[in-house]
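Undergrad: Let me begin by handing over the structure; questions about it come next.
The values are calculated or read from the model by the stated rules, or taken from the named source; none is laboratory data. In this text, all values refer to a predicted model and were calculated from it rather than measured experimentally. Every residue, glycine as well, gets a Cβ built from its backbone with ideal geometry; the counts of neighbours run over all protein chains shown.
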Amino acid sequence: MTATGQAVYCGYCGQGLDGSDHAACARRLGVVDPPRFCAACARRMVVQVTPAGWTATCSRHGALDSAR
Ligand SMILES: [Zn+2]
Ligand SMILES: [Zn+2]
């Protein structure tokens, strides 16, 4: 369950996905908020809001953006 790139941490609060309820976090992330923490390593990401949405960059795993 710890393969690279797999989400094991909550992108909103940075806690492990096991053990606590992140339904509220997922709801926030699903609406407007960019993730604050890398889902793979829980590092705090650098978030930038752009005209198109947002980008969130992990120093280890690179950038995510809101365009999917
Ligand atoms: Zn959470
Ligand atoms: Zn990362």
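Undergrad: State all residues of region 55-66 that are more than 15 Å from residue 10 (Cβ to Cβ) and in contact with a strand residue (DSSP E or B) (Cβ under 6 Å, 6 or more places away or on another chain); if no residue qualifies, say none.
TA: Of everything in region 55-66, those that are more than 15 Å from residue 10 (Cβ to Cβ) and in contact with a strand residue (DSSP E or B) (Cβ under 6 Å, 6 or more places away or on another chain) turn out to be 55, 57, 63, 65, 66.
Undergrad: Would you please list the contacts, defined by Cβ atoms under 7 Å and residues six or more apart or on different chains, that run from a residue in region 11-29 that is under 17 Å from residue 43 (Cβ atoms) to a residue that is at pLDDT 95 or above and basic (Lys, Arg)?
TA: 11/36; 12/36; 14/36
Undergrad: Applying the selection to region 17-44, what residues are more than 9 Å from ligand 1 (Cβ to nearest atom) and either among the basic types (Lys, Arg) or surrounded by 12 or more Cβ atoms within 10 Å (Cβ to Cβ) (or both)?
TA: 27, 33, 34, 35, 36, 38, 39, 40, 41, 42, 43, 44
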